[in-house]
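Worksheet for the structure shown next.
Coordinate-derived values only; no laboratory data. Here the structure is a predicted model, which means the values were calculated and not measured. We place every Cβ from the backbone using ideal geometry, glycine too, and count neighbours over all the protein chains shown.
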């Protein structure tokens, strides 16, 4: 469906928000300026909704887009709940009419629009902050997979804010992936070769390309504008045909050339990690690093059963991790959350719970990003884990109840046994994409991993 025929471009009002000019658009998302009736502005990212009303036909393309869109929403909720700095602030979510409206903190610009050249000191401070953000993501086994200038915004203090997690990967215990998403001139050789690869190493490669662009160094795999085509760039990346144009003062021990070459090491096993990069002499600065990220614990003790929205989000993450089929009930995930053994599901349930599980969020006259600085009102309490932040004082004024963090869902039929009902579990079958069989769910997972090219190839073989 063309964008001109969807709410992404024609809708002018959603709730108390007025939608204005287009700020950007991507493969499946449309970002517009949103102005609340009280004057507060945010960036409204309009995505295909995961949950459709019964009876509405859904194509495979729409389903795949919805998977990527919902992945971004779930990850942003969890990352904001964990107190991750350097990631776009999530202010609220509305699901209506088959679309998801994600309200993000509005930032002044992306680094692609900043004046050039930067001073070395400015580059070091900025890039070091970005490295800390990426390292923190990697500690949670999240890789961004599309690091580039247009996906790095700048806040009012000049610090980087990483946005657009649509192509990101979550592997609970680490591991290799295969993906067609991202941007070619930031892609590593192993990803370009369409092989299974380490997504964290691919992020490091993208950071290396990014650093060359910030420093106005010619792209090592785009030798001239005349033949800067996707085919030529891809061939050079695969064959290692790189050309670097260094200045004499850059090719010294501890210089920027040494740093970039470590990040652009063709062998992903030998490529530098974010921790090693941060130790490099060229990135030393007297400017203080951000506060260390406190990694959420694997084994918080839950006093109360998590809300259904948190359980569904954890099920979705398990699906992305290849540990859950969309035709399953949530019983197995619930048992892991209630068990005594430490597991990644508990960590992420805690992160999601710290953000919010309420079906409606109370907005003040001036909405604020839901970050750890806003008092958590989760449906369960952690006995151990990251300390709760101080409560933000509420400004005076009426409360607006309009931002739905859950879709308007009908009561699902009970699929649990009598014993399950007695235990108070009552598992419900996943509403994700109306999958009926395990084979269908696995097929969708494989398609999403390969990208739409794989889907088109599969469709042509079947026809």
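Annotations for the structure displayed:
- The ranking of 327, 80 from fewest to most other beta carbons within 10 Å of each one's beta carbon is 327, 80.
- Rg and Dmax over the alpha-carbon atoms of the stretch 144-183 stand at 12.5, 37 Å.
- Shape metrics for the stretch 109-283, restricted to C-alpha atoms - Rg then Dmax, Å: 15.3, 44
- Semi-axis lengths, Å, the stretch 39-126, gyration tensor of Cα atoms, sqrt of 5 times eigenvalues: 33, 14, 13
- Overall form of the stretch 168-254: oblate. Here a/c, set by the Cα gyration tensor axes a ≥ b ≥ c, is 1.5 or more, and a/b is not larger than b/c.
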